[in-house]
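These notes are about the structure you will find just below.
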Amino acid sequence: MKFFKPTAKQKSAATKHPDVDSELHQYLTIRQQRHWIFPRAALVGLCAGLVALAFRIALTEAEAFRDRVIAASHQHPAWQWMVPVLFTLVGAVLSTLLVRRFAPEASGSGIPHLEAVLQRFRKLDWRRVLPVKFFGGILAIGSGLTLGREGPTVQMGGAVGDALSRLMKVTAQERLVLISSGAGAGLAAAFNAPLSGLVFVLEEVRRDFQPVVFGAAFVAAVVADIVARCGTGQFPIFSVPSYATPPLTALPAFAVLGIIAGVMGVVFNRSLMKTSELYAKLPRKFALLATAVTGGAVGLIGWFSPITIGSGHNLAESAMAGHLALAAIPLFFVARFILVSTCYSTGAPGGIFAPLLVLGALLGLAVGQIAHAIAPSMVPVPAVFAVVGMAAYFTAIVRAPLTGVMLILEMTGNYSQMLPLLISCFCAYAVGEALKDIPIYEALLQRDLERSDDVVLLREPTVAEFVIEEGAPFAGQDVRSLDLPAGCILISCAIDNRKWVPGPNTRLRAHMRITAIVAPEAFGGLELLRMGCTRE
């Protein structure tokens, strides 16, 4: 491909107009980056899609085997109830041992670890993370732990991006772009939702809307989704009846759902963090015992109610079809709420993505049925609230409303609920912010950085980019007042297509992108920059 080259006359005009020169340079740089990044992103999407597809098929078979084990154990209930207990117990213990022995960074969902890697606070060794997450996830989730496959698939997608970037020997910045693309591809393949994969990268994982990041993530997500659909079919993840658009008079009820989801989302975040801290404080010799007890308890619950354990896919579909009685919903909600917190706190490789969607469906159905009992003409179909509740609860917990809305639309194929989704998600987001709750992945990231022993120490000067969020400590501050350590220097600021070198009196503001160069001896400056650019 031949790139545009400015003529001497154009160069002369650009010299007289620096803004034109800057825009021209930016245009040429972006074109060149797109030239090489898109084919590589497509390759990352292909490989991440294949890994996600294999993981998905393996988990489907493992869960089917678990269901057969539970069904067979009811033939002699006097003693065979111990079979599912031991089945889940062994799966939980083996998966946790695998993580602790070979790849501690593969514990949990893996999304906070990936965010730390993209911010250059943690290292990513794909040779360890990829196999441990794959087989450990099959053991943990397949045995019945109340965890999801979507977080692990995101981390494995990022590991695929890391592997290919090292194979192709790209630069450090290009590597981060490909890791981000792999993460989005993983989510797209897990949910058959390419736009959700793209939005999740931009809104949560990378928080970077640069054209190169946007384009690479989009290409990788689309390719991964095609691969997944070739293996599993082109149907939405959830089978949901085609509900009519709710009347406008029902919007206040959806707003109430959003407020309740916001409050319960804050409760979930704080409960998960407290439970994780409790498990982490256990002496090392008792940690494995706690995992075994948790796994055994999950197996026992599964013997009585198989639909309650595992990812909860069937339970969510039952809620969205309106097949659950109001009296049963609190039992399912409380049981899964406790199980998600305890199972995640064991450190087993599994995420909270799908489990929190199940909780949202249960919460939404409960609100819908109550609203229907109070005003049946205003709320003719209570099950619609289960669909909307998934997005609202996700938004309250993760604080990524665009991802929540897009994810539910793509997973259910029900686009007639757009306005209720927007209303509920806005209210859930507003409540979470008003209560000053930290989004769950940010809280988990902060905890992991405090506990981690493998925080990356710089060996050479590193360039890092951050976007100042609304309400962050740096917003409204002058550069001179930041108290950056020696060796940590801001080299550029950018906002609204303008870019300049900051001076001591430059005032930083929300949504501004700052670029800093950090010397090895000023490694603490990276943490200072991250905290200063993140909202309190």
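Kirkwood Rh over alpha-carbon pairs of the range 226-336, then Stokes-Einstein at 20 °C and 1.002 mPa s: what D in µm² s⁻¹, rounded to an integer? It comes out at roughly 120 µm²/s. Here the scattering of the chain is modelled by Debye summation over its C-alpha atoms, one equal scatterer each and no solvent; at q = 0.07, 0.12 Å⁻¹ the log10 of I(q)/I(0) is -0.41, -1.15.
Which cross-chain or sequence-distant (5 or more) residues have an amide H under 5 Å from the amide H of Arg122, H modelled 1.01 Å from N in plane? Close amide H contacts, sequence-distant or interchain: Val117, Val456. First obtain the Kirkwood hydrodynamic radius of the range 277-408 from its Cα pairs, then insert it into the Stokes-Einstein equation at 20 °C and 1.002 mPa s, and state the resulting D in µm² per second as a whole number. It diffuses with D of about 136 µm²/s by this estimate.
Let me know the whole percent of all Cα-Cα pairs from the range 64-132 that are separated by more than 19 Å. Don't skip to the end; give the middle numbers.
Working: 1198 of 2346 pairs.
For the range 64-132, the fraction of Cα-Cα distances above 19 Å is 51 percent.
Surface composition of the range 314-461: carbon and sulfur make up 68 percent of the accessible area, probe 1.4 Å. Among beta bridges identified by DSSP and lying wholly in the chain, the antiparallel ones come to about 95 percent. Since only Ala140, Gln119, Leu167 are under comparison, the one whose Cα sits farthest along the positive direction of the charge dipole of the range 72-171, derived from C-beta charges on Lys, Arg, Asp and Glu, is Leu167.
For the range 386-436, the pair-distance distribution built from all alpha carbon pairs, in bins 10 Å wide starting at 0, is 31, 56, 12, 1 percent.
Length available on full extension from Ala335 to Ser416: 0.36 nm per residue minus the Cα-Cα distance, which gives 26.0 nm.
At q = 0.15, 0.20, 0.22, 0.25 Å⁻¹ the log10 of I(q)/I(0) for the range 157-223 amounts to -0.37, -0.65, -0.78, -0.98, computed by Debye summation with a single uniform scatterer per C-alpha, solvent ignored. If you plug the beta carbon distance of Leu326 and Ala280 into 1/(1 + (r/R0)^6) with R0 = 45 Å, you get a FRET efficiency near 0.75. If I take R0 = 56 Å and measure r between the Cβ atoms of Lys499 and Gln75 in this structure, what FRET efficiency does the formula 1/(1 + (r/R0)^6) give, to the nearest 0.05? Using R0 = 56 Å, I get an efficiency of 0.20.
Using the Karplus curve 6.51 cos²θ - 1.76 cosθ + 1.60 with θ = phi - 60°, work out ³J(HN,Hα) for each residue of the range 301-315 in order, rounded to whole Hz, and write x for Gly and Pro. Using θ = phi - 60°, the values come out as 4, x, 5, 7, 9, x, 5, 7, 9, x, 5, x, 4, 5, 5 Hz. Going through the range 400-453, which trypsin sites (Lys or Arg not before Pro) have at most 12 other Cβ atoms within 10 Å and a DSSP loop state? Those satisfying the criteria are Lys436. Put simply, the amide H of Cys488, placed in the peptide plane, has neighbours under 5 Å in Ala519, leaving out anything fewer than 5 places away on its chain. For the range 353-362, 3J(HN,Hα) computed residue by residue from phi via the Karplus equation (6.51, -1.76, 1.60; θ = phi - 60°) reads 4, 5, x, 6, 5, 5, 4, x, 5, 5 Hz, glycine and proline entered as x.
The radius of gyration of the Cα set in the range 108-177, together with its Dmax, comes out at 12.8, 41 angstrom. Close amide H contacts of Ser109 (hydrogens built in the peptide plane, cut-off under 5 Å, sequence separation of 5 or more or a different chain): Gly350.
In order along the range 222-238, the Karplus-derived 3J(HN,Hα) couplings, from 6.51 cos²θ - 1.76 cosθ + 1.60 at θ = phi - 60°, round to 5, 4, 4, 5, 4, 4, 5, 5, 5, x, 10, x, 9, 8, x, 4, 9 Hz, and Gly and Pro are given as x.
Basic side chains Lys and Arg get +1 at the Cβ, acidic Asp and Glu get -1 at the Cβ, and with that the dipole of the chain about its Cα centre reaches some 1060 debye. Take every Cα pair under 8 Å whose residues are at least 6 apart in sequence, average their separation, divide by the length of the chain, and the relative contact order is 17 percent. Accessible surface computed residue by residue for the chain, with neighbouring protein chains in place and a 1.4 Å probe, gives 43 Å² per residue.
For Met531 and Arg166, FRET efficiency with R0 = 22 Å and r from the beta-carbon atoms, rounded to 0.05?
Values: r = 30 Å, r/R0 = 1.35.
After rounding to 0.05, the efficiency reads 0.15.
Here the translational diffusion coefficient of the range 83-222 follows from Stokes-Einstein with Rh set to the Kirkwood radius across Cα pairs; for 10 °C and 1.306 mPa s it amounts to 105 µm²/s.
The values are calculated or read from the model by the stated rules, or taken from the named source; none is laboratory data. Predicted model only: the values in this text are computed from it and were never measured. When we count neighbours, we look across all protein chains shown, and the Cβ atoms used for this are built from the backbone with ideal geometry, even at glycine. Protein only, heavy atoms only, side chains kept; ligands, DNA and RNA dropped before computing areas. Shrake-Rupley method; radii C 1.70, N 1.55, O 1.52, S 1.80 Å.
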